[in-house]
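The values are calculated or read from the model by the stated rules, or taken from the named source; none is laboratory data. What you see is a predicted model; the values in this text were computed from it and never measured. Cβ: placed from backbone, ideal geometry, glycine included. Neighbour counts: every protein chain shown.
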Amino acid sequence: MANFFGQTHRRPTWRRRGRGEGFRIVAVKPGEVRRVSRHVGEVRIPKVGWVRFRWSRAVPEGVKSYRVTRDAAGRWHVAFAAVPESIPAPGSGEVVGVDRGVAVSAALSTGEPLNAPTLRDGEKTRLLRLQRKLARAKRGSNRRGKVKAAIAKLKARESDRRKDWIEKTSTDLARRFDVIAVEDLKIGNMTRSARGTLEAPGRNVRQKINPRYTSQTCNACGHRAAESRERQSRFACAACGHRANADVNAAKNIRDTAAGHAVAARGGSGLPEPVNREPQPVLLSA
């Protein structure tokens, strides 16, 4: 409030319980992070003392700050801020196009489909059962709180798998290609109220799911027509008859044209400097 009345910040807003739980510690002194055993480490937190955590990754030397957070599943984490090492360039001059979507998470111009992991069949069944129990539980009851915690753990498990997949996939692309072209696509808008089709859309589908020209343009002859996209996974050019996987055809267009944003996998060798080399935290589970 003092910052607000000093006209340097906006008025503080109420924070929802369970969201953004955590705090940051700066100016870490030498010796305040130590390893106890192979899988256990300790960090000294002011006014708390030594707190143990699972040593899942090596803590870089000379860390200056860390953040302790609690996620929706009730798990505590400590993340040490560190600048990751650069990935060595292949130097092959290879360029790849990446088409992102809903049915297929990402398709490469090389013909490779990439699918983000999700919950297994048994986990999906359990999630559905828990959601039904949540709908019947009385608001504010202990039973409802336990069901919500169980659902949060399943959601966190799916989120962890997706984050792991994203990190491994992006690292693999950076090691294999010198330039990565991606489409500036709002995936979130494509999945909201996605019930129905383009011909008979659900609520707010027609204006949100607008096919890009990369999905309507033939990579073989350059002809653009909406009818060439026969279905979600098949492309058949109305002019030359070229047939291909629709996502791979779009990825090739992204690679060959200026429809996508060219992003260098890393700097050097005359290539543009990378735009996504922000310092990344090292995440360790408490």
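When we screen ALA200, ALA225, ALA264 for residues that are at pLDDT below 85, hydrophobic (A, V, I, L, M, F, W, C), out of contact with any Lys or Arg (no Cβ under 9 Å at 6 or more places or on another chain) and over 30 Å from ALA89 (Cβ atoms), the only hit is ALA200.
Within the bounds of the stretch 63-76, is there any residue that is in contact (Cβ under 8 Å) with a residue 40 or more places away in the chain, on the phi < 0 side of the Ramachandran plot and in the same structural domain as ASP178 (by TED's automatic domain parsing)? Looking through the stretch 63-76, none of the residues is in contact (Cβ under 8 Å) with a residue 40 or more places away in the chain, on the phi < 0 side of the Ramachandran plot and in the same structural domain as ASP178 (by TED's automatic domain parsing). Against the list (1) in contact (Cβ under 8 Å) with a residue 24 or more places away in the chain; (2) surrounded by 11 or more Cβ atoms within 10 Å (Cβ to Cβ); (3) over 20 Å from the mean Cα position of the chain (by Cα), the condition VAL36 fails is (1). Filtering SER56, SER37 for residues that are in contact with a strand residue (DSSP E or B) (Cβ under 6 Å, 6 or more places away or on another chain), outside the structural domain of ALA181 (by TED's automatic domain parsing), of a type in the set (Ser, Thr, Tyr) and not in a strand (DSSP E or B) leaves a single hit, SER56. Among the residues of the stretch 106-125, how many are in contact with a Leu (Cβ under 7 Å, 6 or more places away or on another chain) and either part of a loop (DSSP other than H, G, I, E, B) or not hydrophobic (A, V, I, L, M, F, W, C) (or both)? Number of matching residues: 2. Please go through the stretch 60-105 and pick out each residue that is under 20 Å from the mean Cα position of the chain (by Cα), assigned to a strand (DSSP E or B) and farther than 30 Å from ARG35 by Cβ. Once the filter is applied, which keeps residues that are under 20 Å from the mean Cα position of the chain (by Cα), assigned to a strand (DSSP E or B) and farther than 30 Å from ARG35 by Cβ, the stretch 60-105 yields VAL96, GLY97, VAL98, ASP99, ARG100. Can you pull out every residue in the stretch 112-123 that is within 29 Å of ALA250 (Cβ to Cβ) and either out of contact with any Phe, Trp or Tyr (no Cβ under 7 Å at 6 or more places or on another chain) or not assigned by TED's automatic domain parsing to the domain that holds ALA150 (or both)? Answer for the stretch 112-123, where residues must be within 29 Å of ALA250 (Cβ to Cβ) and either out of contact with any Phe, Trp or Tyr (no Cβ under 7 Å at 6 or more places or on another chain) or not assigned by TED's automatic domain parsing to the domain that holds ALA150 (or both): GLU112, PRO113, LEU114, ASN115, THR118, LEU119.
The sole residue among THR13, THR8 that is free of Cβ contacts under 8 Å to residues at least 40 places away in the same chain, part of a loop (DSSP other than H, G, I, E, B) and closer than 30 Å to ALA152 by Cα is THR13.
Say whether the condition of being over 24 Å from SER56 (Cβ atoms), modelled with pLDDT of 90 or more and of a type in the set (Gly, Ala, Ser) is met by at least one residue in the stretch 21-40. No, the stretch 21-40 has no match at all. When the stretch 117-131 is filtered for residues that are surrounded by 11 or more Cβ atoms within 10 Å (Cβ to Cβ) and not hydroxyl-bearing (Ser, Thr, Tyr), the ones remaining, listed by number, are PRO117, LEU119, ARG120, GLU123, LYS124, ARG126, LEU127, ARG129, LEU130, GLN131. Consider the stretch 204-219 and keep the residues that are part of a loop (DSSP other than H, G, I, E, B) and crowded, with 16+ Cβ neighbours inside 10 Å. The one that is modelled with the lowest pLDDT is LYS208. For PRO60, the conditions (1) without any contact (Cβ under 8 Å) to a residue 60 or more places away in the chain; (2) surrounded by fewer than 16 Cβ atoms within 10 Å (Cβ to Cβ); (3) out of contact with any Ser or Thr (no Cβ under 6 Å at 6 or more places or on another chain) all hold with the exception of (1).
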